[in-house]
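The values are calculated or read from the model by the stated rules, or taken from the named source; none is laboratory data. Here the structure is a predicted model, which is why all the values come from computation and not from measurement. Quick reminder, even Gly has a Cβ in these numbers, built from the backbone with ideal geometry, and neighbours come from all protein chains shown. Just the protein is used for accessible areas: all its heavy atoms, side chains included, with ligands, DNA and RNA removed. Shrake-Rupley method; radii C 1.70, N 1.55, O 1.52, S 1.80 Å.
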Amino acid sequence: MSTKRTDTVAAPRRFPLREVVIFVALLIAVLGVYGIMGAAYSTRMLVEAACYAILALGLTIQWGYAGQFNAGVMGFVALGGFCAMFFSVPVNEAFWDSELPGELAVVLGYIVGAALVVFGASRLDRIGVPKKLRTVITVVLAVVLYLVVISAFRSVTGQIESQAGFVGGLGLPPWVGWIVGGALAGGVGYFIGHVCLGLRSDYLAIATIGIAEIIKAFLKNSDWLTRGTATVSPLPWPVPGPAEVGFTLARALYLSVTAVVIAAIFFLLHRAYHAPWGRMIRAIRDNEISSAAMGKNINRRRLEIFVLGCILMGIGGAVLASFNSLFDPQGYLPLNHTFLVLVMVILGGPGNNLGTIFGAVAVYIIWLMSEPLALFLMELAVHFGESTFGWDAPASLDSRALQARVFVIGLLITLVLRFAPKGLLPEKTKHVD
C-alpha cells in the first residue's frame, strides 16, 4: 500500500507597495507643511492629528470590526475632555475650605438614594404587584423625588457658583485624567450599549447623536462643575510646557507622548484583531445568525466592542483637551468631533488600524491646510479681477476661506465613496479555499 505525501507551500508574502506609496505621499505632504507653515505650526498639527487618530481607532473598531455605527463620538470626546480638566487643574481652595463640599455630598447622597428607590419600585412586580400598578408607582415616585431633590441640588450649586465660582480640580497629573476619561466614557458606553445595541444601525446612529447632545448640554449648563461657557484654562501638560522649553520643543515632546499612546493602542488592537476574539467579532459582523447558531453570545460581544471603542474615544478626547490647554463644553461640535472622525475612518479603511491612522493624519492635514490654500486662491483671483476687470474686492475673505474646509472635506468623502468605497487601505480578509 503506497502513501501519497502532499506538501503545503505557503503563498509568498506580497510586497506592500500600495501601503508604501500611500505613506510616502503622506510623508511628503507633512514635510511640505513643515516647509510652508514652519515647525511650530506643523508640530501642533501633528499632535492634534495624533489625538484624532486615537478617536478614529475607537470608531474603526466599532464600525469596522463590529458594524456598529456610532454617530455620537462628540459626547465621549467631551467626557474625556472633562476628566482631563477635572483631575488636572489646581484645587479650588475657596470651595474646599468652606462647608459647600459637605452640603454637595449630602445632596448627591439624596440623588443616589432617590435613584435606588425608583429602581426598587420598578421591581415591585417581582413580589406580586401588578405591572400596571408598578408602572404608576414608579412614575409617581420618580416625579416627586425629582422635584424634591432638584430643588436642594440647585440651591447647593447656586451657592457654589456665587461663593467659589466652581468646584475646581484635583491637581493630579494629567495622565490620571486621561485614564479616568477613558473609564468614564467606557462606563457611559456600557449604559448606552445596554439600551441601544438592540437597535438597527440607523436607529443606533440616531440614539447616539441624541445622547451626545445630552452630554454636551449637561457639561455646558453645569457651571458649578465646568464653568460652562466661561471655560477652564490653562490645563497642565504631562511634559514641560511652552513657557519652559519653547513652543516647538514642547509640542514635539507632547507629540512623542501621543506617539507612544498610539503605538500601545495599535499593538493591543492588532493582537486582539488576529486573536480568536477578533475573529469572533468579525464573524458576528458578517453573519450574526450563523454566529448565534454556533453558541456565541452576540449581545455580550457587541457590548464589549462598543465599550472598548468608547474608552479609546474618551482617552483621545482627554489627550486633545490637555494639549489645547482649554476645556470649553461649547466648543464640542458634531462637525469637528464626529463627522471629521467618520471621514478619517472612511478614507483610511474601516477595520484597518494602519489605514485609520493614515486617514486621521491625511484628513486633518487637508482640514487645516484647505483654509490657507483657499485664501491664497481667493486673493489671487481678487488681484486678477482688480487688475484686469476693475472688480471690487469682496469683504471678509478670511471667513469665506474658512468655510472652504467644509466644501473640501465634502468633496473628499464624495470622491472616496465613489472610487474607493472600502478606503485607501481596505481591511484585509483571508479567503480559505
Review point. Straight-line reach from LYS216: which aspartates and glutamates have Cα under 17 Å away, leaving out those fewer than 8 places along the same chain?
Key: ASP328
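Taking each full run of DSSP H in the chain as one helix, which ones are at least 24 Å long along their axis (Cα atoms) and have mean Kyte-Doolittle hydropathy of at least -0.5?
17-37, 39-60, 100-121, 131-163, 174-196, 201-221, 247-274, 298-324, 353-388, 397-419
Dividing the alpha-carbon Rg of the stretch 217-353 by 2.2 N^0.38 Å yields what? Before the final figure, lay out each step's value.
Values: Rg = 19.3 Å, N = 137, 2.2 N^0.38 = 14.3 Å.
Cα-based Rg divided by the globular estimate yields 1.35.
Under the 0.36 nm per residue contour assumption, what length would be gained going from the current alpha-carbon distance of TYR34 and LEU108 to full extension?
Details: separation 74, 0.36 × 74 = 26.64 nm, distance 5.07 nm.
Difference between extended and current length: 21.6 nm.
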**Study point:** Among 30-37, 216-223, 172-179, the order from most to least packed when residues are scored by Cβ within 10 Å on average
**Key:** 172-179, 216-223, 30-37
Practice item. Starting from the Cα of LYS296, draw a straight line to each of the aspartates and glutamates and keep only those under 12 Å, dropping any in the same chain fewer than 8 residues away. Key: GLU288
Point to revise | Inter-part distance where the stretch 364-395 and the stretch 153-190 are each reduced to a Cα centre, Å | key: 45
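How would you order 16-28, 99-111 from highest to lowest mean count of nearby Cβ atoms within 10 Å? Don't jump to the answer; show the numbers that get you there.
On the way: 16-28: 12.5, 99-111: 14.0.
Sorting 16-28, 99-111 by mean packing, highest first, produces 99-111, 16-28.
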Check your understanding: Counting Lys +1, Arg +1, Asp -1, Glu -1, what net charge surrounds LEU79 among other residues with beta carbon under 15 Å of its beta carbon?
Key -> 0
Exercise for review: Please report, in whole Å, how far the alpha carbons of the chain spread along each principal axis, starting with the longest.
Suggested key: 91, 66, 46
Review point. If one computes the Cα centroid of the stretch 321-346 and of the stretch 71-90, what distance in Å separates the two points?
Key: 11
Study note, to complete from the structure: Here the net charge surrounding TYR190, from other residues whose Cβ is less than 13 Å away from its Cβ (Lys, Arg +1; Asp, Glu -1), is +1
Practice item. Along Cα→Cβ, 7 Å out, is where each label goes; now give me the distance between the ones at THR135 and ASN299 in nm to one decimal. Key: 2.0
Revision key, fill the gap. Taking protein heavy atoms only, a 1.4 Å probe, and rounding to whole percent, the accessible area of the chain owed to carbon and sulfur comes out at 67
Check your understanding: In what sequence, highest mean first, do 80-91, 283-294 appear when ranked by Cβ atoms within 10 angstrom?
Key -> 80-91, 283-294
**Study point:** Theoretical ellipticity at 222 nm over the chain - DSSP helices of four or more residues, -39500 (n - 2.57) apiece, nearest 500
**Key:** -24500 deg cm²/dmol
